[in-house]
1. What does the charge add up to near Ala166, with Lys and Arg as +1, Asp and Glu as -1, over the other residues with Cβ less than 15 Å from its Cβ?
2. Cα gyration tensor of the stretch 69-174, axes a ≥ b ≥ c as square roots of the eigenvalues: rounded (a/c below 1.5), prolate (a/b > b/c) or oblate?
3. Please give me, ordered by residue number, the trypsin sites (Lys or Arg not before Pro) of the stretch 69-136 that lie in loop per DSSP and have at most 14 other Cβ atoms within 10 Å.
4. For Arg138 and Glu56 in the same chain, what is the full-extension length gain: residue separation times 0.36 nm, less their Cα-Cα distance, in nm?
5. Return the distance in nm (one decimal) between the two label points of a simple spin-label model at Ser73 and Leu170, each offset 7 Å from Cα along Cα→Cβ.
6. Got a sec to turn the phi values of the stretch 101-108 into Karplus ³J(HN,Hα) couplings, 6.51 cos²θ - 1.76 cosθ + 1.60 with θ = phi - 60°, whole Hz, x for Gly and Pro?
7. Expected output is a single nm value to one decimal: the length gained when fully extending between Val49 and Arg111, i.e. 0.36 nm times separation in residues minus the C-alpha distance. What is it?
Amino acid sequence: TADYSQVEMRIMAHLSEDAGLIEAFRSGRDFHSITAARVFDVDPDAVMVVEGGPAETLAVFDQKPDHCFFTGSPAVGAAIMAAAAPHLIPVTLELGGNAACIVAADADLERAIPRIVQGGFGNSGQSCISVQRILVHRSLESAFRERLLATVAALIVGDPAHEDTAVGPLIDEN
């Protein structure tokens, strides 16, 4: 069994109280696939989560899966469709939507702003459903801007091993 840092152990504890998931993580088994199987209540052998670049992603089609779900860029999504097509493998693609967060005139800013900041900065903003645009009713524009900027300025950017850190490192410069 490998040694795990306190951060990794804390992540495991937060993810689940499920001993099976913790053991999967410790043993080096496909932790993400097992977690997804548990979330969707399916057989772990029926799920494969692939992490990596285009080469790793496209190599999955050599195994002829029943279905492919992909979240990522339109360029890789097009390559996935092309790789799946000869085998008639159905695909579901989420290619970086950009839905706006709408703040209506009657919005409770004390509740809305922390949620919007979490939606934009949680997971370092690297989520397909992160808040990228905010449409605010004109009557709230000044109050919203002031509170939003104060909330964002208070976020601590740094090492995710520190409990106070709200925003960790980015995947890459893009």
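Since every read-out is calculated from the coordinates, none of them should be taken as a lab result. All of these numbers come straight from a predicted model, not from anything done at the bench. Reconstructed Cβ throughout: ideal geometry from the backbone, glycine too, with neighbour counts over all protein chains shown.
1. -2
2. oblate
3. Taking the stretch 69-136 and a limit of 14 other Cβ atoms within 10 Å, the loop trypsin sites (Lys or Arg not before Pro) found are Arg133.
4. Working: separation 82, 0.36 × 82 = 29.52 nm, distance 4.68 nm.
My answer for the length gained is 24.8 nm.
5. Label-label distance for Ser73 and Leu170, simple model: 1.4 nm.
6. 8, 10, 10, 7, 4, 9, 5, 8
7. Length gained between Val49 and Arg111: 18.9 nm.
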